[in-house]
Amino acid sequence: MNEYIPYIIFGVTSGAVFGISAMGLVLTYKTSGVFNIAHGAVCAAGAYVFYSLRQQADLPWPVAAALVVCVFGPLMGIVLERLAVAFSGVPTAFKIVGTVGLLVALQSLITLIYGSTSRVFDPFLPQGEAFSVSGTKVNYEQVIILLLGFAAAGALVTFFRLSRLGTAMRGVVDDPALLDLTGDSPTRVRRYAWIIGSSFAAMSGVLFASTQAQIDVNVLTLLVVQAFGAATIARFQSLPLCIVGGIVVGLLQKLVSKEITAYPDLQGLDLATPFIVLFIGLLVIPRRKLVETGRQIRAKAVPPSRVPRPFRAAGYGTTLLVALAIPQLWFVGAHLPAYNQALTQVTLFVSLHLLVRTSGQISLCHFGFAAIGAIGLGHMQGYGMPFALAVIIGGLLCIPPALLIAIPAIRLSGLYLALATLGFGIMLAQFCYGKSYMFGFGSLATERPAGFSDDETYYYLLLGVAVASVIAVLVIERSRLGRVLRGLSDSPVALQTLGLSVNVARVIVFCISGFMAGISGALYGSLFGSVSASTFNYVNSLVILAVLAISGRRVMSAAIVAPVLLYVIPNYIGDPDMNTMLQMAFGLAAMFAAANAQGGWDVPFTRLAERSSDRLRGPAEARLRRLEAHDGPSDKAQPVHGPRVPVTR
Amino acid sequence: MLLTPAESGLQLKDLVVRFGGLVAVDTVSLHAPAARLTGLIGPNGAGKTTTFNAITGLNRPTSGHVRLNGQDISKLPPQARAQRGLGRTFQRMELFDSLTVRENVALGREAGMAGSNPLRFLRCGAAERRQVRTAATEAMELSGITALADRRPADLSTGQRRLVELARVIASGFGMLLLDEPSSGLDKAETHRFGETLRTLVDERGVGILCVEHDMALVMRVCDYIYVLDFGKPIFNGTASQVAGSPIVKSAYLGSEAVEEALAGRSA
């Protein structure tokens, strides 16, 4: 028994940190209906600010801690509250895209300032022995963190039960307008919630860095998944259960890490524990307990193209001609490999388009499917299989995991589906990538097909595959399946009452999309001669979603704009810092696109113009205009009121 | 299958739906036979839409049975009930806004064909395609929306959208239709035409219809038999003139002038 004690102590302490983080997350989600996927990035930002203040500016730690928790956190909260308001009027999928954009932007910003390598983070809390349990010493730091966790939970619960603001916070979620009538400003209430939430995030970031004795942006951003595990146990609702959930997850993680030392095959399972809790939780929590918070808004349909058909055809033809001429063009030259990379990603982007835009599902693990495709290619080539067959097997290997992801998709939609897929992607990266059946510790050899070792000849083969996959998606969109998928996105309930099994539709779309992503991954892997875990970083799943969001609403734009943005342009820029900046721009643009998802690109400009004309014309005129706008026929999507009708049973 | 008249169509037996402590539908029994237009009326909050949701399987009744043509469908999921010929429209219309009106109506038929067989999602033969096209064209003609075929539902008025939803369930070929406030948002001429459409469906195609409706004049004009709910409880049932003469119904609708007028007009 004694050998477990150190693990229990560590588990409980780190669990308290997860709990604090989860409380901040759940609090902001409950009050604004926007689930902040970038919560971990906020934690990381807090830790880095603390690091700068203490280790670079040499401030004493209590001052640095006070500045981070009481100044940085609240400032961040105020900004995030504004963002949450911008995201509140869009469908869940775009709320997710928006916060994913925030994550990408924040992570790039931190990388830009501090670099991507981890730095030593000197512990600041007293390390002396407080007491010992059966010979294992417990230091002051651990005691303080645990007490802090419980104190924070206790304070929040008391605040919610007893204070007027706390009651108002509970009201703001249900009906902001009603709260407004009772004399509490919803904006003020939400702002406080985000301030508390961000301060908690900053605090947990600092404590986590301290327990790790190092600071690393990627690790800290991952902190959020541990918090997701804790939040799942709290059913994304209960604050006190967050801290309990945090400790359960922390304990499980450490105990698993103890048990698996004897089994090298299970290595990495401890890191995946919070995810497993998340995934299982989403599968077993009764669905009525997982109702999304806030108004549910239906996505506005993409209007039919206004470009006449002959012009469109001419446009496609010209694009194809340019694509055929690319290897010969003067500005390409040594950049040709980047064009090849972009071509392999066309298949990935159109598959994601089919899943997200056409059928209204969401996947935050699409790059994970690509990884499985590349792994399939590598292993099959290892057995001496010819290239084409190996690529197809790579795609087929994605179907079982796609089926696995379709299980939560059947039960859940929107936010919870996104969380399940994010967790799946991270588990794949943390637990599976390192195994010999995947990439192994080193790299996995992948080869190009015979006769295509030259970049230029390979370009034409890849172009052929890219064009074929675009045509495949276009054909699907025009077929019965396409109509069913668009129907699935618009109104699953209507489809069901017409006699169609929406679950079958979901399974089909996940399988098709996963298969195509696998093909894309296999081709992508073949470019490099060998692939390793770092080729398929899970963060890319988030980046590609952000890029898809800013690449227009149709298949053709997803197929052309997105790969160029993600591969060709960075290659011309070359400078790594500039490319981090570009990634940040993708994140910011995705946030912008998400906030304006229900209108066109012109919406913010129209709003700006209206506001300035209001200022010129005076308040009475402005009110008149607003009244007219309010009473007139609204073309905005209508919010769905009342309890959500369950879609499946 | 030979059905006795008592078995045909839709039957509810002692249906109860509870949400926590609230009894939204309290022991409702009714019979909506085939080739008959049955009305279900009641003031706001009487539990009409909840009853519809329970019949179509979108929420789970606490107790009671739903029978369709003599077969108990209480335990089936919504799509299986639809496959057995039970269709519905929604009070808050559930249209496919990214499809054209024609595609919406056609999907009404295609969804039933695809059912839960993955292969039939992916491919369909020429004969089937023809069948879908004919069904869609007929349904649009019957509901009077042929001129709107290539528009998007999002661009249409509420009344037109209602008609698109109606055309969609007509195209599906359901034997039993539940219509949830199908005439709200229609203008006078449209409402009149709509009444005729319903009668055509019932009299010529033998479809059974159970219809929740607030337009009392329309209900009194077209319904063969009427059930009245109030606070989840059935308070009266009878033919149009019986309902119009009933003091119980009058008191349930007390204060609602339009309804009182319609009732008075009918009983006079």
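Computed quantities for the displayed model
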quantity	calculated
Ratio Rg/Rh [Cα only; Rh per Kirkwood] for the protein assembly as shown	1.00
Beta bridge orientation in chain B: antiparallel %, DSSP, nearest 5	55 percent
Delta accessible area of at least 40 Å² on complex formation, residues of the range A:497-522, 1.4 Å probe, chain isolated as reference	A:497, A:498, A:499, A:500, A:501, A:504, A:508
Spatially proximal lysines relative to residue B:188 (Cα-Cα < 25 Å; intrachain offsets below 8 disregarded)	B:48, B:250
Degrees separating the helix B:158-172 axis from the principal Cα axis of chain B, which is the longest one	70 degrees
Euclidean distance of C-alpha centroids, the range A:388-413 and the range A:219-251, integer Å	28 Å
All Cα pairs of chain B, percent lying beyond 24 Å	49 percent
Shielding of B:106-117 by partner chains, average beta-carbon count, 10 Å	6
Environment charge of residue A:36, counting only residues whose C-beta is closer than 12 Å and scoring Lys/Arg +1, Asp/Glu -1	+1
Value of D in µm² per second that Stokes-Einstein yields for the range B:97-172, Kirkwood Rh from Cα pairs, at 10 °C (1.306 mPa s)	128 µm²/s
Kyte-Doolittle mean at least 0.5 and Cα axial length at least 27 Å: DSSP H helices in chain A	A:5-32, A:92-114, A:140-162, A:239-259, A:455-478, A:502-526, A:576-595
Probe 1.4 Å - accessible area at residue A:289, Å² to nearest ten	90 Å²
Ordering of A:177-188, B:14-25, A:22-33 by packing [mean C-beta count within 10 Å, highest first]	A:22-33, B:14-25, A:177-188
Share antiparallel - DSSP beta bridges, the protein assembly as shown, percent rounded to 5	65 percent
Given A:254/A:289; B:13/B:233; B:13/B:75, the pairs whose alpha carbons are separated by over 18 Å	A:254/A:289
Where A:99, A:457 fall by accessible area, highest first, once all protein chains stay in place (1.4 Å)	A:457, A:99
Amide H contacts of residue A:364 (H built 1.01 Å from N, under 5 Å, at least 5 apart or other chain)	A:421, A:422
Folded to 0 to 90 degrees: helix B:126-143 orientation relative to chain B principal axis, Cα	40 degrees
1.4 Å probe accessible area per residue over chain A, in Å²	41 Å²
Summed residue charge, Cβ within 15 Å of residue A:337's Cβ, Lys/Arg positive, Asp/Glu negative	-2
Protection-proxy order for peptides A:405-415, A:319-329, each taking the mean of Cβ atoms within 10 Å per residue, highest first	A:405-415, A:319-329
A/B buried area, accessible surface, summed, 1.4 Å probe, Å²	3200 Å²
Residue-averaged beta-carbon neighbours from other chains (10 angstrom radius) around B:49-60	2
Of all accessible heavy-atom area on the protein assembly as shown, the percent that carbon and sulfur account for (1.4 Å)	61 percent
Surface/4 estimate of mean projected area, convex hull on alpha-carbon atoms of the range A:336-592, nm²	13.3 nm²
For the range A:274-403, the spread of Cα positions along each principal axis, largest first, Å	59, 51, 24
Amide H contacts under 5 Å for residue A:130, placed H, 5+ residues apart	A:138, A:139, A:140
Other protein chain Cβ atoms within 10 Å, averaged over every residue that makes up A:481-488	6
Residue A:190 accessible area, assembled protein chains, probe 1.4 Å, Å²	40 Å²
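The values are calculated or read from the model by the stated rules, or taken from the named source; none is laboratory data. Every value quoted in this text rests on a predicted model; they were computed, and no experiment measured them. Glycine also receives a Cβ, built like all others from the backbone with ideal geometry; neighbour counts cover every protein chain displayed. When the accessible area is computed, the model is the full protein with side chains, heavy atoms only, and any ligands, DNA or RNA have been set aside. Shrake-Rupley method; radii C 1.70, N 1.55, O 1.52, S 1.80 Å.
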